[in-house]
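Let me begin by presenting the structure, written as C-alpha cells, before commenting on it.
The values are calculated or read from the model by the stated rules, or taken from the named source; none is laboratory data. These numbers were taken from a predicted model, which means no experiment stands behind them. Virtual Cβ from ideal backbone geometry, glycine too; neighbours counted across all protein chains shown.
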Amino acid sequence: MFRFLVVLSLVLGVLSGGKLSRLGELKLERFGWILGSFAVKFGSVLLLQGKVEPSPALCTAISLATYLMLFYGLYPNLKLPGFVPMASGMFLNCLVIIANGGRMPVDPNGIGTGLLDSQVQALGSSLTHQAITGDARLRWLADIFGWRFLSKTPTTFSVGDILMAAGVLWFILHTLHRGFPEARKDARIN
C-alpha cells in the first residue's frame, strides 16, 4: 500500500506542477536513527523469523527497540509538513503492537478482503504480525481493513497506517511543490 501511495504522490505532484528535483533537498535530522529502526525490524525478521518462536518477550523487545529508535529519529522532524500525522499513525501502531505482545493483530478477512491461506499461515510464525483473536486489545487499532487494489495479493492495514499514508502524501506533495524548508531559506528553490 505504501509503495503505491509514494508512487501516486510523486505522479500527482509532477502532474500538478511539482518538481522531483526538490526531493534532493531533503535534510532530515537524525535520519540514521530512522534507518536504524528499520534495520532492527527487518534484520530481526530476516535473521530470526522461522528460526525462533515468536514469543511475546522477544517480539515486544524487537518492537520497543524499533519504535524507540524511530521516535527518537522522528522527533526533531515533526516541524516538517506531514510528519505529525505520520508520527501519530506510528504511535497508534506502536500502542496496539505493544498491547498485544509485540505483534500487530491482523484480521484475515479485513473488510471483505480475505487474505490468502498462505498469508494466514505465515502469521503463526511472524515476529511482527499475528492473527487477531477475540481477546485482542485495542482491536480498532489493529490491521482490520483490507486492500487489494492493483495487486493479486491482498493485504491489511490499520487506522495508524491511514494516518501515516496521509502524512506521506502531504509531505511528498508539499516538498514537490514548495521545496524543503531549509532549502527555501537558502533561496535555492524558486
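Here are a few things to note about the model shown:
- Selection status of I111, at pLDDT below 80, assigned to a helix (DSSP H, G or I), over 22 Å from G36 (Cβ atoms) and in contact with a Ser or Thr (Cβ under 9 Å, 6 or more places away or on another chain): yes
- Selection status of M86, of a type outside the set (G, A, S), in contact with a His (Cβ under 7 Å, 6 or more places away or on another chain) and in contact (Cβ under 8 Å) with a residue 40 or more places away in the chain: no
- Members of the range 143-182 found to be farther than 24 Å from F83 by Cβ and hydrophobic (A, V, I, L, M, F, W, C), listed by number: I144, F149, L150
- Hits in the range 54-97 - residues which are more than 14 Å from the chain's Cα centre (by Cα) and under 20 Å from A122 (Cα atoms): P54, S55, P56, A57, L58, C59, T60, I62
- Hits in the range 127-150 (condition: polar (S, T, N, Q) and in contact with a helix residue (DSSP H, G or I) (Cβ under 8 Å, 6 or more places away or on another chain)): T128, Q130
- Considering the range 123-161, and only residues there that are assigned to a strand (DSSP E or B) and of a type outside the set (G, A, S), the residue that is modelled with the lowest pLDDT turns out to be W147.
- Scanning the range 44-62 for residues that are assigned to a loop (DSSP other than H, G, I, E, B) and of a type in the set (V, I, T) yields a count of 0.
- Odd one out for V120, checked against (1) outside any helix (DSSP H, G or I); (2) among the β-branched types (V, I, T); (3) surrounded by fewer than 16 Cβ atoms within 10 Å (Cβ to Cβ): (1)
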